[in-house]
Amino acid sequence: MFYRSKILLALIILTLSSIPFQYKVSLAANENVVLKTFSFNWNDTIIRVDVHYLAEVEADTLNWVNVSVTPIDFGGAKKIRIEVLSIDVSNTVISKTVFPFQTLYWAGSTYRENFKLNFSDPSFNDIVPGNINEYTLNIKIEGSIWDENEKKYSFSFQDGAPIYIKSPVVDLYAKIFLFGDAYENGDITIQVYILNVGVSPARNLRIHLECDGIDFKTPNIIRLPITLNPGDSLNVSFKGVFEEMGGWLIRAYISYLNSAGYNSSLTASKLVDVKGASRIELYENFSKGALNLWGRLIPPRIGASVKIYMSSDGVNWTNIASLNLETTGYFQFSMPLPKKGIYFFKAAWDGDGEYLPSSSRIVKVNVPKNTPNLILTADLESPVKRDRPINLILTLPSFHPSSNSTIIIFGRFSEDADWAPIGEIKVNSTRIPVSINIPSYASIVEVKGVLLESEEYYGVESNILKLKVEVKTPIYFEPIFIILAAVLITISFLAVVMYVKYKRSKILS
């Protein structure tokens, strides 16, 4: 019997030393922790029930409820057994029951139980965030008491304490971003950025994107069965096409649940100026030693200016021309062919208030030959004379002549005449003297040189040299004819005077 008592005492001491530590861990220091004490008397046996719990609990959180049962006065009882201990929250599914079958033998001995409860219930869905609803924390104890005669009796205790459930406030921030240019019939990616800036999580997010001007290519409603914790963020992307130009409002409707299950919402919006898409066409060809670039801007824009860019590597570009567009949107540009090599050209427009900027395709031009500059000059002090030779000079700066380079001299000597070859020269120098005869019928003199294309050079025309033709004075304007005419006029005048005098004297006589 003595050993049995010692073993029982050791077990009690071990129990008493371990349970308070567990209790201390279960309910950390918290200002909201309250102690609710109950007592009941059954046939002179007085039992105290202590309940430690959080008076205010946030919905959908795990919290401890600690219950201790202590006999204060055994009265006529020999032993007390705690058989059933249950706890629940009124009008909810929150409850927990244990079957300890713990026996207590003397006053002051205590049985303790720690309940870890999940405070989650559908009824919390109706609590507006920031509000608190009152419930009752119910405690029920059932057990048996033996008297001195080992007669067994059953007892039951039930009571409750107020507990308050809080629906937390969720604070989300949302913004809409666009990736890509917003233009008519252009693909666009819309991203909704959501950040939890509060201290409570949001869950079961639903994002609904609306815009009358967008034809969505992905679903415009996305559901995310996730929890967005404080400080976390997410990006949700939508794809579509703007169907028309103009100002369009994009709205994102975001709904979510707080931990109580209350459905909240948030709206973000963005006004977008949707412009038209422009396009530039660019083409090229070679003609008479020149590079011709032409194209058009679609749609035409009054007062628009297109810039022409040139590059030797396709990376570094130089603006070589700014062209004012015609009302039709067409443009053209010509330039002497650059030296032998590969070149790149493109056209660009800066856009305006209604249409986006645009660039043409990159035109690659391979110049396999060099293009010389051919200059025709004449050093003449007076108009040229018919049936006389004249001397001209052809100059080719930076030209390296080869044996197969030929220049044809063309002339035109009347207004209605076509150009006709009047000489041929083999190029052997960069400065070439040229002699041509002026025909007797010449009324004008126009001369030009044409370098024929060779393996090394493109063909090129010189400038057109225009010369005055000496005009001969008609024979009746010669001095001798003028003198004879004056003598004849004088004689005729004197003859008339003499005749008049003769007639007068005859009449008087």
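The values are calculated or read from the model by the stated rules, or taken from the named source; none is laboratory data. Remember, predicted model here, so these are calculated numbers, not experimental data. A quick note on method: Cβ atoms are made from the backbone with ideal geometry, for glycine too, and the neighbour counts reach across all protein chains shown. The accessibility values were calculated without ligands, DNA or RNA, using every heavy atom of the protein model including side chains. Shrake-Rupley method; radii C 1.70, N 1.55, O 1.52, S 1.80 Å.
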Q.
Criterion first (buried (at least 18 other Cβ atoms within 10 Å of the Cβ), closer than 25 Å to ALA290 by Cα and over 58 Å from the mean Cα position of the chain (by Cα)) does VAL460 satisfy it?
A. no
The residue from ASN196, ASN185 that alone is exposed (fewer than 15 other Cβ atoms within 10 Å of the Cβ), out of contact with any Lys or Arg (no Cβ under 9 Å at 6 or more places or on another chain) and farther than 30 Å from ASN41 by Cβ is ASN185
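Looking at the range 143-156 only, could you name the residues that are surrounded by fewer than 17 Cβ atoms within 10 Å (Cβ to Cβ) and in contact (Cβ under 8 Å) with a residue 60 or more places away in the chain?
Across the range 143-156, the qualifying residues are SER144, TRP146, ASP147, GLU148, GLU150, TYR153.
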Taking the range 318-335 and keeping only residues that are crowded, with 18+ Cβ neighbours inside 10 Å and closer than 12 Å to PHE345 by Cα, one is left with PHE333
(Q) Take SER109 and tell me if it is free of Cβ contacts under 8 Å to residues at least 60 places away in the same chain and in contact with a Leu (Cβ under 9 Å, 6 or more places away or on another chain). (A) no
If you go through TYR256, TYR309, the only one that is crowded, with 19+ Cβ neighbours inside 10 Å and more than 22 Å from the chain's Cα centre (by Cα) is TYR256
Flagged in the range 404-422 as assigned to a strand (DSSP E or B) and open to solvent by 30 Å² or more (accessible area, probe 1.4 Å), in numbering order, are PHE410, ARG412, ALA420, PRO421, ILE422
Expected single match for charged (D, E, K, R), crowded, with 17+ Cβ neighbours inside 10 Å and touching a strand residue (DSSP E or B) at 6+ places or on another chain (Cβ under 9 Å) among LYS346, LYS426, LYS339, LYS364 is LYS346
PRO219 fails exactly one of (1) in a strand (DSSP E or B); (2) within 26 Å of the chain's Cα centre (by Cα), namely (1)
| query | Do we have ALA268 as assigned to a loop (DSSP other than H, G, I, E, B) and farther than 13 Å from SER334 by Cα here? | reply | no
Considering the range 222-253, residues that are assigned to a loop (DSSP other than H, G, I, E, B), out of contact with any Phe, Trp or Tyr (no Cβ under 9 Å at 6 or more places or on another chain) and touching a residue at least 40 places away in the same chain (Cβ under 8 Å), and then whichever is surrounded by the fewest Cβ atoms within 10 Å (Cβ to Cβ), we arrive at GLU244
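Does the range 167-175 contain any residue that is open to solvent by 40 Å² or more (accessible area, probe 1.4 Å), hydroxyl-bearing (Ser, Thr, Tyr), without any contact (Cβ under 8 Å) to a residue 40 or more places away in the chain and under 30 Å from LYS79 (Cα atoms)?
No - not one qualifying residue is present in the range 167-175.
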When (1) under 20 Å from ILE87 (Cβ atoms); (2) loosely packed, with under 15 Cβ neighbours inside 10 Å are applied to ASP121, the one that fails is (2)
The correct count of residues that are buried (at least 17 other Cβ atoms within 10 Å of the Cβ) and over 21 Å from TYR457 (Cα atoms) in the range 391-403 is 1
Going through (1) touching a residue at least 12 places away in the same chain (Cβ under 8 Å); (2) not in a loop (DSSP other than H, G, I, E, B) one by one, PRO300 fails only at (2)
Of the residues in the range 90-108, those that are over 17 Å from GLY143 (Cα atoms), open to solvent by less than 90 Å² (accessible area, probe 1.4 Å) and assigned to a loop (DSSP other than H, G, I, E, B) come to SER90, THR92, ILE94, GLY108
Taking the range 203-214 and the residues there that are open to solvent by less than 60 Å² (accessible area, probe 1.4 Å) and in a strand (DSSP E or B), the one that is nearest to GLY180 (Cα to Cα) would be ILE214
Result of the Cβ filter at 8 Å on the range 410-437, keeping first residues that are over 10 Å from GLY449 (Cα atoms) and aliphatic (A, V, I, L, M) and partners that are open to solvent by 40 Å² or more (accessible area, probe 1.4 Å) and not in a strand (DSSP E or B), at least 6 apart or interchain, is VAL427/PRO401
